[in-house]
Amino acid sequence: MKMREPLFHIAKRRRMDFWKAWLIRIVAVLFALVVSGLVSYLLTKTNPIEIYQTMWKGSFKNARYIWNLAQGIAILLCVSLAVTPAFKMRFWNIGAEGQALIGGLVAATCMLKLEGAMPSWLLILVMLCGSMLAGAIWGLVPAVFKAKWGTNETLFTLMMNYIAIQIVSYFTYIWAVPAGSGKIGIINQKSQIGWLPALFGQKYLINILVVLAVTVIIFVYLKYSKHGYELSVVGESENTARYIGINVKKVIIRTMILSGALCGLAGFLLVAGTDHTIDSNTVAGRGFTAIMVSWLAKFNPFSMILTSLLIVFLQRGAGQVATDMGLNESFSDIITGIIIFFIIGCEFFINYQIKRTGRREESK
Amino acid sequence: MKKILALLLAAVMVFALVACGGTPASTDAAPETTADNADAAPATTEAVEVNPYADVKVGLICLHDENSTYDLNFINGFKEMQANLGLADNQIVIKTNIPESNDCYEAAADLADEGCTVVFADSFGHESFLLQAAKEFPNVQFCHATGTMAHTEKLDNFHNAFASIYEGRYLAGIAAGMKLNEMIAAGQFAAEDAVIGYVGAFTYAEVISGYTSFFLGARSVCPTATMKVQFTGSWYDEAGEKEAATKLINDGCKLISQHADSMGAPTACETAGIPNVSYNGSTVAACPNTFIVSSRINWAPYYEFVVNAVVNGETIPADWTGSISTGSVLLTDVNTAAAAEGTQAAIDAAIEAFKAGTLHVFATDTYTVDGAAQTSYMADVDSDAAYTPDTEVVVDGYFHESEFRSAPYFDVRIDGITTLNQAF
């Protein structure tokens, strides 16, 4: 008697052709658009094409929108690049939010307290170093605990976020103008000391260029440097790493200093380059969104440009739909959810195949 | 090869689906465009009849959306203005969920790009970002609710507005005091146990001014009333506000009011059966047994004032303070199921006294500070980082709230009110 087997089974694919993988992704996006179109028609009776057009407008309406899009991508990409080395090492740093926020707080503090003490360019330099140092410390603490005592880095980095948020809340309260309002407002609004200057009349250009440079550096660091090799070995297997003589503790600590410092850089860019103030919402969840950006791009810095574009595009589109069509932003979040679901889901079909059980035996 | 064919087929099917989905959509679109034309036609003929508002376009920037009672109050006022002035839907733009960051500047700049002649923003933290946009677009009027910077920045196109909501709070306080009297008369507790509980957001002048005026209103009818204030450290924290209200009730408070934007405190009161005086709008639907009355600011008069000023080429003052007379300070209907008898009549009498100018909320003979009457107070009206006191506000026997600038600056701690926590 034959054993009853399920009709289908799932098998891991060998590496798929580059173009086939992209074909699957494109088909997934098309399916996502059809499903979300149906959902939006059924729920709101609005024309889905119009919704997509409005979403497109949210990013590409005019030059200002395109600059805003690029700026949004730059900051999200910076945080995503920051968490990537840690992720490759299988160190789940979900504390990017706090690392960036504490960096931003240091930048804002320097702007507030050192106005007039030094020329603006020097202050910017001090802010940059201070922010990266603060972010690095915020990353270092959980790394040391993990390396020395094997604490759980996921919980530790997560809790460090709340400490950072509370510290920022405290300072926004005591530096608030007027008293008790809990808002610092734009710092040095008249003198603009400590603000990143506009380049060719574009105030976000420095942010964008800095992040582009970081993208290239992280790509090279991960792919071609000894450090990058070591951290991926630690990620694959700590025992292998030890066997071939890699100092695992050192790699963990070194990588988290880098990760935290880059988050601090993102906080610096947010405070010195765009917001010119600080509150507990300055990083606005990017520390968590970055996790998705990094994973979706499979830790490839250049693919992260695309995945952060996707996320920022969807976010901006959601806002535009809320404004132009009078639909609540929550509705656009549903559309965003459907699209991301399909995009993540299609990776399954790229990595695995579903086979008819019978056929496989025939072919054998 | 077969697989590739299958994939291509699947893709073709998807396109077919999209195309099918598209066809009814395009027929939908056709009548829409004709409808647009039909709309446009009378609009142009109206322009011949000189519609003064034809060239007006007004934008509103909101911190949250209509799910927040605070923002809903602004959105409702905005739509009321639209209806009263007869503006078309394409003449107003509402941007919701705009955080108090550079995004606010970008939203304001986008509204200016879109051809808005007036841009409003509703949240305190929007102010410096709106100011940034005002400097860049001198031909657009930027009006910020609750802010403090307009009278010191002295820009022609940047303005602040608020309302004398402390008068509304005082009126709501009268309703609260009468309820306390009723409960004392019914023997529910002794006169000296008439403790009011108040859930506040921050130790900010707007909140201090609010609970003090509410308390003075209550004490004007119930002389033995005292108050306990619990701060939450957030403008919107449903769980925190509920917890604070419950704590106050357990501490022996007989009536609760709040200055925070969620339903936390009102629902806590409904659960405990403790009377509640609300804010920002009626909460009677959720709290039919305990809701007494609510004060709120109606922003429509200010919106209309500004739009009319722009149309007529008049200057808008740096500070505008709405009042009961301008229709900016409103009380909701009194819930007779919970309120004491005669509440409406007592409120109406006080409204007349306010209008006649004979009643002042912060009359110095009605309260003491550290046991002594207040004869002088220097307030930080021109806000600065050092909080330097700069303006004498106690003149002619009362504290002149919201007169030297629209945003409240009454931050005096008077006797009879205990603040339970000071952290915020």
Pick from B:Ala339, B:Ala286: which is surrounded by 21 or more Cβ atoms within 10 Å (Cβ to Cβ), touching a helix residue (DSSP H, G or I) at 6+ places or on another chain (Cβ under 7 Å) and not in a strand (DSSP E or B)?
B:Ala339
Single residue of region A:42-63 satisfying the filter (surrounded by 17 or more Cβ atoms within 10 Å (Cβ to Cβ) and within 10 Å of another protein chain (Cβ to nearest Cβ)) that is modelled with the highest pLDDT:
A:Lys61
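Say we look at region B:362-393 and pick out the residues that are of a type in the set (Gly, Ala, Ser) and at pLDDT 90 or above; which of these is surrounded by the fewest Cβ atoms within 10 Å (Cβ to Cβ)?
That would be B:Gly371.
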Of the conditions (1) within 9 Å of chain A (Cβ to nearest Cβ); (2) not in a helix (DSSP H, G or I), B:Asp110 fails just one. Which one is it?
(2)
Hey, among A:Ile206, A:Ile217, A:Ile187, which residue is touching a residue at least 12 places away in the same chain (Cβ under 8 Å), under 25 Å from the mean Cα position of the chain (by Cα) and within 24 Å of A:Cys263 (Cβ to Cβ)?
A:Ile206
Among the numbered conditions (1) under 30 Å from A:Leu270 (Cβ atoms); (2) touching a residue at least 40 places away in the same chain (Cβ under 8 Å); (3) more than 9 Å from chain A (Cβ to nearest Cβ), tell me where B:Gly77 comes up short.
(1)
Name, by its number, the condition in (1) within 14 Å of another protein chain (Cβ to nearest Cβ); (2) more than 27 Å from B:Tyr70 (Cβ to Cβ) that does not hold for B:Ala190.
(1)
Restricting attention to region B:185-218, report how many residues are touching a helix residue (DSSP H, G or I) at 6+ places or on another chain (Cβ under 7 Å) and surrounded by fewer than 23 Cβ atoms within 10 Å (Cβ to Cβ).
2
Within region B:313-333, does at least one residue satisfy the condition of being out of contact with any Ser or Thr (no Cβ under 9 Å at 6 or more places or on another chain) and within 14 Å of chain A (Cβ to nearest Cβ)?
no
Scan A:Ser181, A:Ser232, A:Ser169, A:Ser131 and give me the residue that is surrounded by 14 or more Cβ atoms within 10 Å (Cβ to Cβ) and under 15 Å from A:Phe268 (Cα atoms).
A:Ser131
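Rundown of residues vs (1) charged (D, E, K, R); (2) in contact with an Asp or Glu (Cβ under 7 Å, 6 or more places away or on another chain); (3) surrounded by fewer than 21 Cβ atoms within 10 Å (Cβ to Cβ), yes/no style:
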position: B:Leu63; (1), (2), (3): no, yes, no
position: B:Glu66; (1), (2), (3): yes, no, yes
position: B:Leu87; (1), (2), (3): no, no, yes
position: B:Thr117; (1), (2), (3): no, no, yes
position: B:Met149; (1), (2), (3): no, yes, no
Hey, among B:Asp380, B:Asp348, B:Asp333, which residue is under 24 Å from the mean Cα position of the chain (by Cα) and within 21 Å of A:Ala176 (Cα to Cα)?
B:Asp380
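Restricting attention to region B:374-381, does a residue exist that is touching a residue at least 24 places away in the same chain (Cβ under 8 Å), in a loop (DSSP other than H, G, I, E, B) and within 14 Å of chain A (Cβ to nearest Cβ)?
So far as region B:374-381 goes, yes, one or more of its residues are touching a residue at least 24 places away in the same chain (Cβ under 8 Å), in a loop (DSSP other than H, G, I, E, B) and within 14 Å of chain A (Cβ to nearest Cβ).
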Subset tally (residues that are assigned to a helix (DSSP H, G or I) and within 14 Å of chain A (Cβ to nearest Cβ)) for region B:220-252
1
Looking at B:Leu72, is it within 14 Å of chain A (Cβ to nearest Cβ), within 15 Å of the chain's Cα centre (by Cα) and modelled with pLDDT under 95?
yes
Single match in B:Glu100, B:Glu114 (criterion: under 24 Å from A:Ala70 (Cβ atoms) and touching a helix residue (DSSP H, G or I) at 6+ places or on another chain (Cβ under 7 Å)):
B:Glu100
Condition test on A:Glu329, is it away from every other protein chain (no Cβ under 12 Å) and modelled with pLDDT under 85?
no
Extreme residue, surrounded by the fewest Cβ atoms within 10 Å (Cβ to Cβ), among residues of region B:407-420 that are within 13 Å of another protein chain (Cβ to nearest Cβ) and touching a Phe, Trp or Tyr at 6+ places or on another chain (Cβ under 9 Å):
B:Thr419
Residue list for region A:163-214, filter: more than 9 Å from every other protein chain (Cβ to nearest Cβ), more than 15 Å from A:Ala107 (Cα to Cα), among the small types (Gly, Ala, Ser) and assigned to a loop (DSSP other than H, G, I, E, B)
A:Ser191, A:Ala198, A:Gly201
So A:Arg286 fits all but one of (1) more than 14 Å from chain B (Cβ to nearest Cβ); (2) crowded, with 24+ Cβ neighbours inside 10 Å; what number is the exception?
(1)
Go through the residues of region A:20-30 one by one and say whether even a single one is over 20 Å from A:Ser330 (Cβ atoms) and of a type outside the set (A, V, I, L, M, F, W, C).
yes
Of all residues making up region B:203-260, the number that are of a type in the set (S, T, N, Q) and touching a Lys or Arg at 6+ places or on another chain (Cβ under 7 Å):
2
Let me confirm something: among A:Asn247, A:Asn281, A:Asn207, which residue is over 30 Å from A:Lys113 (Cβ atoms) and polar (S, T, N, Q)?
A:Asn247
Can you tell which of A:Met118, A:Met111 is closer than 30 Å to B:Thr388 by Cβ and within 14 Å of chain B (Cβ to nearest Cβ)?
A:Met111
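The values are calculated or read from the model by the stated rules, or taken from the named source; none is laboratory data. These figures come from a predicted structure and were not determined experimentally. Neighbour counts are summed over all protein chains in view; Cβ atoms, including those assigned to glycine, are modelled from backbone coordinates with ideal geometry.
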